[in-house]
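For reference, the structure is listed below as structure tokens.
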Amino acid sequence: MPIEIFLKDSPKYKLYDELDKEGESKSYCKYCKNVKSVLSKFNGNLNELCCLFARNLIELSTALQKEGKNNERCKYFNFWINDQIKKKISTTVKNSIHRNYIRLKFLQVFYQIKLHSLHKDCYYEYDENVDLDLWGKWKNLYDFIKNYDHIKNLVISNYNLCKMYPAYLSYIEEIYKNYKNECCNTVSRKCPFSSGFNDWCNQNDFLNTLTCAETNAVSETFIQDRRTEGSIKQQETGIAHIVKDSQLERSFSESGETLTTKSDYYSKLGIGFSLLTILPTFFYLYKFTTFGNWIRFKILKHNINIKSGEDTQTLMTQELNKDDENAYNDGYNITYHPS
């Protein structure tokens, strides 16, 4: 699930866009000349990123002037650079040793800038125990908490995002559990900032205040409007098209007459299909099985008996008629004796 859909319009999240602006970054490439050949072997785009890295580190207070706290600007900077490195090499560099080696080259540039006293109290945080994937998780937790008010308002006003929110929250909860283990009341090299990253050890209301059930209740009017409008348009991130709620309601709230009509229709349809199934089966049994022979034998025998009875009756009738004819037609032989 692309979590940027919850964050992309937040003013605080847009601070990363300020660090992405190329602007006059080429003039800062001189700080990267000693690592240029090495970075090019992994990805040519890393050199351009190195120039941005140098510029943002030197001009951080200007680039992120909308963020008043220097330590927060530094967190943005570190989350930004590690996220950008990961994006550049995610498909080309899988080996963790090579990934750390690339990060060490950025650390080398940091020290080059520090040597000239050009950085503004912000350090590039490097520890081999905090790899790029873990940096990504810490960034997701940080962005969720920093932009929580924006996320809350967005979810309340967007039914589609409301349905996606529980999965997002569950993901953040898992990261927060690791955060509690690594950054709270313990010494761990997997906690990202040497200066401290324990701001939320005793605060977790952002995990409990908002749930999708709550936003459903708050946004009932919004949902009703969606039902009358039809299906919700598919979001740019490929969110699945939602079936019209009004159609679903009608399918369950139609009158009893409609339900009865449908029931009768399906009953008749079922009888028709049953007959279509039974007749071919009976024809097959009659023509091609012993069952058919037995039926034909019984019927033939019955016909023979009837025919035999009819013939016998006819014969008897003829005989009786014959006897009658003999009885009435036989002559009397009278002998005549002339006198």
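Condition (residue is over 22 Å from K8 (Cβ atoms) and in the same structural domain as Y168 (by TED's automatic domain parsing)) applied to the stretch 137-146: is it met by at least one residue? If you could, list the steps in order and put the result at the bottom.
We begin by selecting, within the stretch 137-146, every residue over 22 Å from K8 (Cβ atoms); these are none.
No: the stretch 137-146 contains no residue that is over 22 Å from K8 (Cβ atoms) and in the same structural domain as Y168 (by TED's automatic domain parsing).
Among the residues of the stretch 133-159, the ones that are buried (at least 18 other Cβ atoms within 10 Å of the Cβ) and either among the small types (G, A, S) or touching a Pro at 6+ places or on another chain (Cβ under 7 Å) (or both) come to 2 in all.
Here's the yes/no breakdown for (1) at pLDDT below 95; (2) assigned by TED's automatic domain parsing to the domain that holds C51; (3) more than 25 Å from L7 (Cβ to Cβ); (4) touching a Ser or Thr at 6+ places or on another chain (Cβ under 8 Å):
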position	(1), (2), (3), (4)
Q108	no, yes, yes, no
L118	yes, yes, yes, no
Y123	yes, yes, yes, yes
N129	yes, yes, yes, no
S170	yes, yes, no, no
C183	yes, yes, no, no
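Test K12 against the stated conditions and say whether it is assigned to a helix (DSSP H, G or I), out of contact with any Leu (no Cβ under 8 Å at 6 or more places or on another chain), of a type in the set (K, R) and in the same structural domain as L169 (by TED's automatic domain parsing). No: the conditions fail for K12. Taking the conditions (1) outside any helix (DSSP H, G or I); (2) at pLDDT 95 or above in turn, I81 satisfies each one other than (1). Here the stretch 21-67 is the region considered, the condition is being over 42 Å from the mean Cα position of the chain (by Cα) and not in a helix (DSSP H, G or I), and the residue that is surrounded by the fewest Cβ atoms within 10 Å (Cβ to Cβ) is E24. Residue-level check: of (1) surrounded by fewer than 20 Cβ atoms within 10 Å (Cβ to Cβ); (2) touching a Cys at 6+ places or on another chain (Cβ under 8 Å), C162 misses just (1).
The values are calculated or read from the model by the stated rules, or taken from the named source; none is laboratory data. What you see is a predicted model; the values in this text were computed from it and never measured. Every residue, glycine among them, receives a Cβ derived from its backbone with ideal geometry; neighbour counts consider all protein chains shown.
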